[in-house]
Amino acid sequence: MESFLEIGNEILSKQPFSQLLGTQLTRLTPSEAVLELSLRDDMKQQYGFVHGGVLSYMADNALTFAGGFAMRGVQVVTAEFKINYVRPAIGTRLVARARTVHVGRRQTVCQCDLFVQEAERETLVAVAQGTISAMGSREE
């Protein structure tokens, strides 16, 4: 029987943008997901910080993995999310840790903390919250 992480990595491998960036799914349970990304210079903005779009992508994807696996077997999409950037993201690795807050039949609310790592230090750089919704049939 495949583990949640194996199934999640199969899904991640089908996301061209995630493959382009080199995103790794390192933990996946029915209530949490952890994505990691080695940071490169081409992911930075003009001041040398990790671009907000990279942080936003990581939050969105981690929220959706956490929410989707909490709803078990249902195809999901992000209905909405917000992100608060709390400090400039400067480091060598980005880690997004998402967890479910409320699991419903058609939607799940999740939260995500984003950290940059540099050597042995980890620093919180953003927090996000989102609603993950079950996809309807094509007829809806």
Just the residues that are farther than 30 Å from residue 44 by Cα and in contact with a Pro (Cβ under 9 Å, 6 or more places away or on another chain), please, taken from the range 93-107. 103
Sort through 4, 81 and tell me the only one that's surrounded by 13 or more Cβ atoms within 10 Å (Cβ to Cβ), over 15 Å from the mean Cα position of the chain (by Cα) and either among the aromatic types (Phe, Trp, Tyr) or under 21 Å from residue 132 (Cα atoms) (or both). 4
Scan the range 54-63 residue by residue and report those that are crowded, with 24+ Cβ neighbours inside 10 Å and either polar (S, T, N, Q) or on the phi > 0 side of the Ramachandran plot (or both). 61
Quick one: how many residues across the range 12-29 are surrounded by 13 or more Cβ atoms within 10 Å (Cβ to Cβ) and either outside any helix (DSSP H, G or I) or modelled with pLDDT under 95 (or both)? 7
Of 40, 99, 121, 105, which residue is surrounded by 13 or more Cβ atoms within 10 Å (Cβ to Cβ) and basic (Lys, Arg)? 99
Can you tell me which condition residue 73 does not meet? The list is (1) closer than 17 Å to residue 8 by Cα; (2) of a type outside the set (Lys, Arg); (3) under 17 Å from the mean Cα position of the chain (by Cα); (4) exposed (fewer than 14 other Cβ atoms within 10 Å of the Cβ), and all the others hold. (3)
Lone qualifier among 68, 130, 53 - being assigned to a helix (DSSP H, G or I) and either touching a Gly at 6+ places or on another chain (Cβ under 6 Å) or farther than 19 Å from residue 21 by Cα (or both): 68
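Before we move on, is residue 101 on the phi < 0 side of the Ramachandran plot, part of a strand (DSSP E or B) and in contact (Cβ under 8 Å) with a residue 60 or more places away in the chain?
no
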Quick one: would you say residue 111 is crowded, with 16+ Cβ neighbours inside 10 Å and polar (S, T, N, Q)? yes
For residue 94, state whether it is farther than 21 Å from residue 126 by Cβ and in contact (Cβ under 8 Å) with a residue 12 or more places away in the chain. no
Which of (1) modelled with pLDDT of 95 or more; (2) aliphatic (A, V, I, L, M); (3) more than 18 Å from residue 128 (Cα to Cα); (4) surrounded by 13 or more Cβ atoms within 10 Å (Cβ to Cβ) is the odd one out, the single condition residue 89 does not satisfy? (3)
Any residue in the range 118-135 that's of a type in the set (D, E, K, R): show its pairings with residues that are surrounded by 15 or more Cβ atoms within 10 Å (Cβ to Cβ) at Cβ separation under 6 Å, as long as the two are six or more apart or on different chains. 118/91; 122/115
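The values are calculated or read from the model by the stated rules, or taken from the named source; none is laboratory data. Worth saying up front: this structure is predicted, and the values here are computed from it rather than measured. As a convention, Cβ positions derive from the backbone with ideal geometry for all residues, glycine included, and neighbour counts pool all protein chains shown.
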